[in-house]
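See below for the structure under consideration.
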Amino acid sequence: MSEQFISTPNAKLDERSFEKVVAGTAFEAARPIQSKLSAIVFRKDGRVEDLGVIATRYVSTAFCTEIAKAMTGNSASVTRIQAYKYHCWGSTGTGTAEDKSQDACITPVSPTNTAAAFVEGTQTNPSATTFRSVATITADGSTGGSIAEHCIHCDTTTGAYGLDRSAFAAITVSSGDSIQFTYTLTIASDDPT
């Protein structure tokens with residue numbers, strides 16, 4: 001299980017103390033913003049491998065900034081918030097931990113190695129507080145090897161403002177294999193205290 005620390009009020013000390021949050025616990029599940037990336041691999045020979053949830057971790061600081069700016073009426077930010085549906089994949093992941101400062105794949109690979117080639121996903125709103133985007137990326141003759149990271153973006157021009165770079169155990173693909181990525185973002189109003 002992964003661990004992270006959060007700051008919580010400590011009335012006795014009249015200061016903030018840090019509590020350890022272990023992934024998979026009830027306290028961890030009550031985080032206000034949760035991201036989840038699932039994957040299904042479609043092999044060229046017809047085999048299907050449902051990998052389930054492959055990453056849960058951070059949204060980027062760039063995305064949080066866009067939310068705040070959109071709420072103050074920044075029209076460019078409003079447009080970007082509505083356009084988070086462009087997916088890309090990369091080959092660096094397991095060796096490079098996720099971090100909130102990352103808003104793009106570390107090593108994007110073909111066919112999504114340029115912003116212009118990002119794959120457009122389908123956006124849905126499965127519940128009042130949940131956003132989802134689903135996209136399928138197919139390996140071409142240049143891809144080969146392992147896919148170990150994914151990012152979702154709001155444009156195909158700059159590749160900036162990535163919502164969430166997810167790192168996961170490498171998935172080996174060959175030309176003609178596809179991965180269907182399902183990115184789910186839940187913004188909850190629950191208070192874990």
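Looking at Thr138, Thr129, which one is open to solvent by 60 Å² or more (accessible area, probe 1.4 Å), among the hydroxyl-bearing types (Ser, Thr, Tyr) and in contact with an Asp or Glu (Cβ under 8 Å, 6 or more places away or on another chain)?
Selected residue: Thr138, the only one of Thr138, Thr129 that is open to solvent by 60 Å² or more (accessible area, probe 1.4 Å), among the hydroxyl-bearing types (Ser, Thr, Tyr) and in contact with an Asp or Glu (Cβ under 8 Å, 6 or more places away or on another chain).
How do the pairs read when you match residues in the stretch 127-142 that are within 20 Å of Glu49 (Cα to Cα) with residues anywhere that are open to solvent by 60 Å² or more (accessible area, probe 1.4 Å) and in a strand (DSSP E or B), using Cβ under 6 Å and keeping only pairs 6 or more apart or on different chains?
What qualifies is Ser133/Gln123; Val134/Thr122.
Does the stretch 143-151 contain at least one residue that is open to solvent by 10 Å² or more (accessible area, probe 1.4 Å), touching a strand residue (DSSP E or B) at 6+ places or on another chain (Cβ under 9 Å), assigned to a loop (DSSP other than H, G, I, E, B) and over 22 Å from Glu49 (Cα atoms)?
No, the stretch 143-151 contains no residue that is open to solvent by 10 Å² or more (accessible area, probe 1.4 Å), touching a strand residue (DSSP E or B) at 6+ places or on another chain (Cβ under 9 Å), assigned to a loop (DSSP other than H, G, I, E, B) and over 22 Å from Glu49 (Cα atoms).
I'm trying to understand the selection: among the residues of the stretch 153-169, which are out of contact with any Gly (no Cβ under 7 Å at 6 or more places or on another chain), at pLDDT below 90 and not in a loop (DSSP other than H, G, I, E, B)?
If we filter the stretch 153-169 for residues that are out of contact with any Gly (no Cβ under 7 Å at 6 or more places or on another chain), which is where we start, we get 154-166, 169.
Filter once more, keeping what is at pLDDT below 90: 154-166.
Across the stretch 153-169, the qualifying residues are Asp164, Arg165, Ser166.
Against the definition (at pLDDT below 90, among the polar types (S, T, N, Q) and either buried (at least 17 other Cβ atoms within 10 Å of the Cβ) or over 13 Å from the mean Cα position of the chain (by Cα) (or both)), how does Thr112 come out, yes or no?
Working: at pLDDT below 90: yes; among the polar types (S, T, N, Q): yes; either buried (at least 17 other Cβ atoms within 10 Å of the Cβ) or over 13 Å from the mean Cα position of the chain (by Cα) (or both): yes.
So Thr112 passes the test.
Any residue in the stretch 63-76 that's closer than 13 Å to Ala160 by Cα: show its pairings with residues that are assigned to a helix (DSSP H, G or I) at Cβ separation under 6 Å, as long as the two are six or more apart or on different chains.
Glu66/Ser77; Glu66/Arg80; Glu66/Ile81
Can you go through Thr124, Thr172 and tell me which one is over 19 Å from Phe63 (Cβ atoms) and outside any loop (DSSP other than H, G, I, E, B)?
Thr172
Restricting attention to the stretch 60-77, report how many residues are within 21 Å of Thr186 (Cβ to Cβ) and surrounded by fewer than 16 Cβ atoms within 10 Å (Cβ to Cβ).
6
The values are calculated or read from the model by the stated rules, or taken from the named source; none is laboratory data. If you're wondering where the values come from, they're calculated on a predicted model, not measured in any experiment. Don't worry about glycine lacking a Cβ; one is built from the backbone with ideal geometry, like all the others, and counts go over all protein chains shown. Note: areas computed on protein heavy atoms with side chains; ligands, DNA, RNA excluded. Shrake-Rupley method; radii C 1.70, N 1.55, O 1.52, S 1.80 Å.
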